[in-house]
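A.B. asks: Just passing along the structure, written as structure tokens.
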Amino acid sequence: MKSAPTYTLGLDFGTLSVRALIVDVRDGRAVAEAVSEYAHGVMDSALPDGTSLPSRFALQHPRDYLDSMKAAIGEALAAAHTAEGITPDQITALGVDFTACTMLPVDEAGVPLCFDPAFCGEPHAYVKLWKHHGATEEAAEITALAAARGEEWLSAYGGTVSCEWMLPKVLETLRKAPAVFEATHRFTEAADWLSLLLTGRETHAAAFAGYKGLWYEGAYPSEAFLTALDPALGGLVGDKVAPAVDPVGERAGRLTEYGAALTGLPVGTPVALPMIDAHAALPATGMTRSGDLTLILGTSTCHILNSDRLRKIQGVCGYVKDGVIPSLYTYEAGQAAVGDCFDWFVKNCVPAGYTEAAKASGLGIHAYLSSLAEKKAPGESGVMALDWWNGNRSILMDQTLTGTIVGLTLATKPEDIYRALIEATAFGTRVIVEQMEQGGLPIVRIMAAGGIARKDPMMMQIYADVLNRPIEVSKASQTGALGSAIYAAVASGVYPSVTEAADRMAAEVERVYMPEAEAVEVYEEMFGKYKELYEYFGKR
């Protein structure tokens, strides 16, 4: 490793904001960080010009990514200079992670179609965010055709294609906005689009292609399959979807003059191949070995397991060898609403008196509800829930499923429901863990990362009790950005591999939650009841 102090910059593009983190490559120490929120946030009711959106839409404006990136990097660079005199030329490389599948159509010059006045009022010309569920019917059609044809790749994706993935969103555009489809030069992940803007090179990361694009065993679905799905999809791969895919840990390119202007870094600065946001957390938390399961807890939850074994497991969203950690298969499952579920509750179901009491206590409403809920014993209220406020991603893979609360009485308090929602997400995680292990993927270690994991000890204790396993919590406050900074350190040649970089730069474990015997016993019984609800409402 180079002896002189050098730094990398990690960019984490989340659902609502971008985070910039400047890291010392010697030990992963965070030097400076900044966050910039997207001006338009998530567009789920109307476009900027007032055009109404159908239900289940979740769009974003690509201009927000550029504006927020520039603001966040500028603030982080200023803070690093003030704190330690660091200048932009000391940033040895840049790494990027992004939500996925977050897809947009662009023209031949790489310009998003929504920038064109002819398409600024057309919803399908904008970014379709990962949680856009407008392609539910198309996903079902793709799944049915793949099953009927016996497509081998379907089993690698748990037997069901998600409406959140690339091909359903492309098919939705073709069916609902043929003019947009015709005008599109490339349907691309937002991460790959940003990489193109920064480096001037078109690259396509294996993580996005494999987990979200149905790229299996080195190939996308065949021309025969695509034309059977719709004749207009003939030539899709190679025309509107680039066929070349690049492996993890590679360099996407170097900053062009335009990329340097966007970032404030010198021309020629190496840029790492982008990663999926949740996957970038693995090296950031040191979870780079077989049997390591990482829970990325946020608006949704991703369950990401490394393994040296190849298994095809029903309901697990997919796997890619070398997609996250070289030489390992990395499997992904997930829950489509976790933090979003809690947010829904506080925004729609909490009395004004609770909000006032929280303010008087100097607490946010989530912290206040937790302070009340943690006084309850497991099972005390009799309230239980199913955590399907945004459908079920794993294991049922059915986006039409809805949330359920049972056991309400006139004595039920808001904190009882809040705790039941937390318990429901823990039970949902246990379903996924058991499915993985029953499918032949042993789990040795579990790490929780993300803001919720660090801020809500009650929730983490519930997870440890429900799973009956120790839950480690990473000290990193920005796991995605730190992971991106680690990939940048590899792309710039500071370290020869992702694993070696993670061994030096990963964040320490902040806390370990151990299961408590009495709670484990109660939750074992409650989990049985959860599974009854799960089977009744989910498999009818």
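The values are calculated or read from the model by the stated rules, or taken from the named source; none is laboratory data. Values in this document were obtained by computation on a predicted structure and should not be read as measured data. Ideal geometry is used to build each Cβ from the backbone, glycine not excepted, and the neighbour counts take in all protein chains shown.
A.B. asks: What about Glu141, is it closer than 19 Å to Ala219 by Cβ and in the same structural domain as Ala100 (by TED's automatic domain parsing)?
C.D. replies: no
A.B. asks: Give the residue that is surrounded by the most Cβ atoms within 10 Å (Cβ to Cβ), with candidates limited to residues of region 323-360 that are of a type in the set (D, E, K, R) and under 22 Å from the mean Cα position of the chain (by Cα).
C.D. replies: Among those residues, the one meeting the criterion is Glu332.
A.B. asks: Could you look through region 216-243, keep only residues that are in contact with a helix residue (DSSP H, G or I) (Cβ under 8 Å, 6 or more places away or on another chain), at pLDDT 95 or above and not in a helix (DSSP H, G or I), and pick out the one that is surrounded by the most Cβ atoms within 10 Å (Cβ to Cβ)?
C.D. replies: Checking each candidate, the answer is Pro221.
A.B. asks: If you take just the helices (runs of 4 or more DSSP H) that sit entirely in region 82-181, which of them hold at least 1 residues that are surrounded by fewer than 20 Cβ atoms within 10 Å (Cβ to Cβ) and among the aromatic types (Phe, Trp, Tyr)?
C.D. replies: Filter on region 82-181 gives 153-156.
A.B. asks: Moving on to the next point. Output the residues belonging to region 450-471 that are among the basic types (Lys, Arg) and outside any helix (DSSP H, G or I).
C.D. replies: Arg469
A.B. asks: Follow-up. Check region 36-44 and report whether any residue there is in contact with a Ser or Thr (Cβ under 6 Å, 6 or more places away or on another chain), more than 25 Å from Ala252 (Cα to Cα), at pLDDT 95 or above and in a strand (DSSP E or B).
C.D. replies: yes
A.B. asks: Let me ask something else about it. Answer with yes or no whether Gly451 is under 21 Å from the mean Cα position of the chain (by Cα), surrounded by fewer than 19 Cβ atoms within 10 Å (Cβ to Cβ) and touching a residue at least 24 places away in the same chain (Cβ under 8 Å).
C.D. replies: yes
A.B. asks: Between a residue in region 312-325 that is touching a residue at least 24 places away in the same chain (Cβ under 8 Å) and any residue that is crowded, with 24+ Cβ neighbours inside 10 Å and basic (Lys, Arg), which pairs come within a Cβ distance under 8 Å, given they are 6 or more apart or on different chains?
C.D. replies: Qualifying pairs under 8 Å: Cys317/Arg393.
A.B. asks: Output the qualifying pairs, or none if there are none: Cβ atoms under 7 angstrom, residues six or more apart or on different chains, first residue in region 361-381 and surrounded by 14 or more Cβ atoms within 10 Å (Cβ to Cβ), second residue part of a loop (DSSP other than H, G, I, E, B).
C.D. replies: Ile365/Val350; Ser370/Asp456; Ser371/Leu363; Ser381/Thr412
A.B. asks: Say whether the condition of being more than 20 Å from the chain's Cα centre (by Cα) and either part of a loop (DSSP other than H, G, I, E, B) or buried (at least 24 other Cβ atoms within 10 Å of the Cβ) (or both) is met by at least one residue in region 482-489.
C.D. replies: So far as region 482-489 goes, yes, one or more of its residues are more than 20 Å from the chain's Cα centre (by Cα) and either part of a loop (DSSP other than H, G, I, E, B) or buried (at least 24 other Cβ atoms within 10 Å of the Cβ) (or both).
A.B. asks: Within region 420-432, take every residue that is aliphatic (A, V, I, L, M) and touching a helix residue (DSSP H, G or I) at 6+ places or on another chain (Cβ under 6 Å) and give me the one that is surrounded by the fewest Cβ atoms within 10 Å (Cβ to Cβ).
C.D. replies: Ala426
A.B. asks: Shifting gears a bit: Name the residue that is surrounded by the most Cβ atoms within 10 Å (Cβ to Cβ), counting only residues in region 401-419 that are in contact with a strand residue (DSSP E or B) (Cβ under 8 Å, 6 or more places away or on another chain) and not in a helix (DSSP H, G or I).
C.D. replies: Once the filter is applied, the top-ranked residue is Leu401.
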